[in-house]
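*Asks:* Below: one structure in structure tokens.
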Amino acid sequence: MKVEWLLWFFLLIVCFSWVNGLEFEEDNEFAEFEVADEKKTETTEEVVPDETPKVKVPEEEAFAEFETTEKKVPEEAKDDFSDIAEEEEYDAFDSKVEEGAEEKKTLEIKPLTFADIPTHFRSNWSSYQVEAVALFIIFLYTVNYFIGKQRNQSLAYRWFDDNIEFLRDQFALVGDDGISENPDGTLIKETDSSYLVWCSGRVGISGMLSQMKLVKRQDVIGTVYNWFRPKTDRVIHKIDLDKNEIDSVIFVMGNKKSVAKAVKDYTDLATYAIERKGLERFGLPASFALHAEIAETISAILDPFVVQHLQKYEKYIDLIHITDQFCGVKLQEGETYTRLPDTSENMFFTFNVIDSPDSLEVNRALLNLTFYLLEKLRRYRLSREGKVKAEKKRQSFADSFLKVTHQQRQEAMQARREEQARERKQRLIEEEDPEKQRRLQKLEDKREQRAKAPKMKQLRLK
Amino acid sequence: MMQSSNDPRRPAKIVRYKPIDPQTSPVSSEDSLPEYMNVLGMLFSMCGLMMRLKWCSFAALLASCISFANTRVTDDTKQIVSSFMLSISAVVMSYLQNPSPIVPPWS
């Protein structure tokens with residue numbers, strides 16, 4: 001949900017900047033033209049001053065030529081026509097020279113300015129500040145990724161090394177990857193913050209999946225999110241019990257927030273479990289909450305051994321969930337089951353992994369508690385009253401489910417009947433043989449008569 | 001050799017590990033972060049390329065990095081590689097078209 005909001009927020013920012021960018025580009029386009037115009041005038045200004053010395057030189061040369069010609073003229077015999085022509089030339093040339101001088105004066109007055117051309121990458125690194133900041137952020141993210149990934153990996157392997165011997169005492173196979181022929185001692189990496197251990201080959205259970213859910217140290221976003229909503233590294237043991245291994249028990253206990261979240265998320269807890277108050281009489285810590293279907297299971301499960309461990313390792317225990325009706329997470333709003341969901345018998349133990357000097361002893365004690373509760377529940381049987389109560393609840397849930405889906409099933413049945421009738425009528429129309437057609441028509445009429453006739457139940461007398 | 005009655009191990013009862021199929025099991029919003037970041041990265045890359053917004057290209061690169069950091073081992077690597085390539089091409093194309101630097105907001 002949060003990521004969806006983030007997505008919408010980014011979309012809004014992009015749309016806003018696109019709108020601004022359009023105007024900016026228009027200004028830019030005009031600015032380009034203005035710059036281009038300035039460039040043209042400046043280039044002309046640049047060109048003309050450059051050309052003035054060139055213009056001067058030919059003029060000087062021309063003057064020089066004229067001087068020489070002037071010198072030459074008195075030496076040569078003067079012709080009247082040539083004098084006039086020369087004077088005209090002189091006048092024309094003088095006017096040109098005067099114009100050039102005026103132009104020179106006007107040109108000289110305007111100062112030289114540099115055209116605004118973007119300089120090359122290599123000569124202008126200091127102006128790429130935003131790019132440098134962006135690349136630095138990406139570099140930091142990459143460095144954090146490698147450090148976080150390494151840290152998580154070492155945490156996971158350390159936990160596995162601490163617990164593998166105890167797990168080997170309980171299971172014939174510890175650490176299966178599902179692929180290799182001789183599996184043993186494999187820690188499966190799901191993501192850089194999630195590791196799995198599959199154990200199997202034990203009496204009463206088909207397998208246990210231990211999932212290490214670590215803090216997302218490899219992701220800066222995850223780390224920042226953890227500052228606002230702190231979560232510790234956790235290990236979740238999911239035990240898949242054999243069929244009918246435990247009696248009808250639905251029970252959840254642990255940290256208040258975790259219990260509230262579990263009751264909200266899981267169908268079995270939301271349907272059957274009832275919140276129990278006054279947990280002090282059971283000796284539970286104040287930070288714990290408890291929901292159970294049948295009250296007698298609470299005192300059966302919370303014996304002195306369990307209570308002692310709960311009190312001693314309170315900060316390490318997050319959630320203990322025992323159920324014989326597990327069918328996964330609750331459906332989203334608007335979704336319904338089309339048929340009664342399959343249930344399984346499961347036990348979930350969520351423990352916090354806190355790095356401490358005596359973590360080896362803590363891990364051992366927590367696993368001890370896990371298998372102690374497992375064996376206890378395998379042997380535990382409800383009283384007759386408790387059993388009847390539990391069965392009644394399950395039956396009422398099944399009935400209410402059927403009622404809700406009754407209409408849907410009826411509609412589906414009706415649609416199927418109509419489809420079959422349509423097919424029969426189509427076959428009747430398509431039939432070419434008149435004999436067959438008559439026979440089919442008779443059958444169709446009989447069916448309609450039967451449908452219209454009142455339905456009567458037949459009672460058999462014994 | 002007879003197994004002691006206290007030993008709970010049963011080698012005959014071993015069940016091999018079956019990875020959960022990501023298509024059949026529902027994915028929570030936490031787990032779908034790499035997909036969101038992938039889509040966001042592609043969106044930013046398109047904006048960066050078509051509207052010539054340089055900051056969009058850099059944001060696309062960052063989104064690709066976040067998606068990579070949260071990716072699962074079972075996910076397709078082609079998708080993340082293509083996301084990276086797209087964001088890098090967005091950055092390169094933005095600067096080829098207009099080599100001028102982004103105007104810093106503090107200037």
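Residue-by-condition table, conditions (1) surrounded by fewer than 19 Cβ atoms within 10 Å (Cβ to Cβ); (2) away from every other protein chain (no Cβ under 11 Å); (3) over 30 Å from residue B:7 (Cβ atoms):
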position: A:207; (1), (2), (3): no, no, no
position: A:212; (1), (2), (3): no, yes, no
position: A:230; (1), (2), (3): yes, yes, yes
position: A:243; (1), (2), (3): yes, yes, no
position: A:248; (1), (2), (3): no, yes, no
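*Asks:* Please count how many residues of segment B:94-107 are more than 10 Å from chain A (Cβ to nearest Cβ), in contact (Cβ under 8 Å) with a residue 12 or more places away in the chain and either surrounded by fewer than 16 Cβ atoms within 10 Å (Cβ to Cβ) or not in a helix (DSSP H, G or I) (or both). First the steps, then the outcome.
*Replies:* The initial filter retains those residues of segment B:94-107 that are more than 10 Å from chain A (Cβ to nearest Cβ), namely B:94, B:96-97.
Then keep just the ones that are in contact (Cβ under 8 Å) with a residue 12 or more places away in the chain; that gives B:94, B:97.
Remaining after also requiring either surrounded by fewer than 16 Cβ atoms within 10 Å (Cβ to Cβ) or not in a helix (DSSP H, G or I) (or both): B:97.
Going through segment B:94-107 one residue at a time, the tally reaches 1.
Results for (1) closer than 30 Å to residue A:343 by Cβ; (2) in contact with a Ser or Thr (Cβ under 7 Å, 6 or more places away or on another chain); (3) crowded, with 17+ Cβ neighbours inside 10 Å; (4) assigned by TED's automatic domain parsing to the domain that holds residue A:325, shown as yes or no for each residue.
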position: A:138; (1), (2), (3), (4): no, no, no, no
position: A:141; (1), (2), (3), (4): no, no, yes, no
position: A:194; (1), (2), (3), (4): yes, no, yes, yes
position: A:219; (1), (2), (3), (4): no, no, yes, yes
position: A:235; (1), (2), (3), (4): yes, yes, yes, yes
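*Asks:* What's the number of the only condition in (1) modelled with pLDDT under 85; (2) of a type in the set (Val, Ile, Thr); (3) within 20 Å of residue A:193 (Cα to Cα) that residue B:24 fails to meet?
*Replies:* With respect to (1) modelled with pLDDT under 85; (2) of a type in the set (Val, Ile, Thr); (3) within 20 Å of residue A:193 (Cα to Cα), residue B:24 is out only on (3).
*Asks:* Quick check on segment A:159-189: of everything there that is exposed (fewer than 15 other Cβ atoms within 10 Å of the Cβ) and modelled with pLDDT of 90 or more, which residue is farthest from the other protein chains (Cβ to nearest Cβ)?
*Replies:* The extreme case among them is A:161.
*Asks:* Continuing with the same structure: Of the residues A:350, A:343, which single one is in contact with a Leu (Cβ under 7 Å, 6 or more places away or on another chain), closer than 20 Å to residue A:239 by Cα and either within 14 Å of another protein chain (Cβ to nearest Cβ) or among the polar types (S, T, N, Q) (or both)? Walk me through how you get there before you give the answer.
*Replies:* Values: A:343 fails: in contact with a Leu (Cβ under 7 Å, 6 or more places away or on another chain).
Among A:350, A:343, only A:350 is in contact with a Leu (Cβ under 7 Å, 6 or more places away or on another chain), closer than 20 Å to residue A:239 by Cα and either within 14 Å of another protein chain (Cβ to nearest Cβ) or among the polar types (S, T, N, Q) (or both).
*Asks:* Only one of these is within 12 Å of chain B (Cβ to nearest Cβ), touching a residue at least 40 places away in the same chain (Cβ under 8 Å) and over 23 Å from residue A:364 (Cβ atoms): A:135, A:140. Name it.
*Replies:* On the way: A:135 fails: touching a residue at least 40 places away in the same chain (Cβ under 8 Å).
Selected residue: A:140, the only one of A:135, A:140 that is within 12 Å of chain B (Cβ to nearest Cβ), touching a residue at least 40 places away in the same chain (Cβ under 8 Å) and over 23 Å from residue A:364 (Cβ atoms).
*Asks:* Here are some residues: A:432, A:423, A:385. Which one is assigned by TED's automatic domain parsing to the domain that holds residue A:211 and over 30 Å from residue A:154 (Cα atoms)?
*Replies:* Working: A:432 fails: assigned by TED's automatic domain parsing to the domain that holds residue A:211; A:423 fails: assigned by TED's automatic domain parsing to the domain that holds residue A:211.
When all the criteria are applied, what remains is A:385.
*Asks:* Hey, residue A:189 hits all of (1) without any contact (Cβ under 8 Å) to a residue 40 or more places away in the chain; (2) part of a helix (DSSP H, G or I) but one; which does it fall short on?
*Replies:* Every listed condition holds for residue A:189 apart from (2).
*Asks:* Being part of a helix (DSSP H, G or I), assigned by TED's automatic domain parsing to the domain that holds residue A:383 and farther than 24 Å from residue A:241 by Cα narrows it down to one residue among A:311, A:332; which is it? Even if it seems obvious, please write down each step before you answer.
*Replies:* Values: A:332 fails: part of a helix (DSSP H, G or I).
Sole residue among the options that is part of a helix (DSSP H, G or I), assigned by TED's automatic domain parsing to the domain that holds residue A:383 and farther than 24 Å from residue A:241 by Cα: A:311.
The values are calculated or read from the model by the stated rules, or taken from the named source; none is laboratory data. Quick caveat: nothing in here was measured; it's all calculated off a predicted structure. Neighbour counts are summed over all protein chains in view; Cβ atoms, including those assigned to glycine, are modelled from backbone coordinates with ideal geometry.
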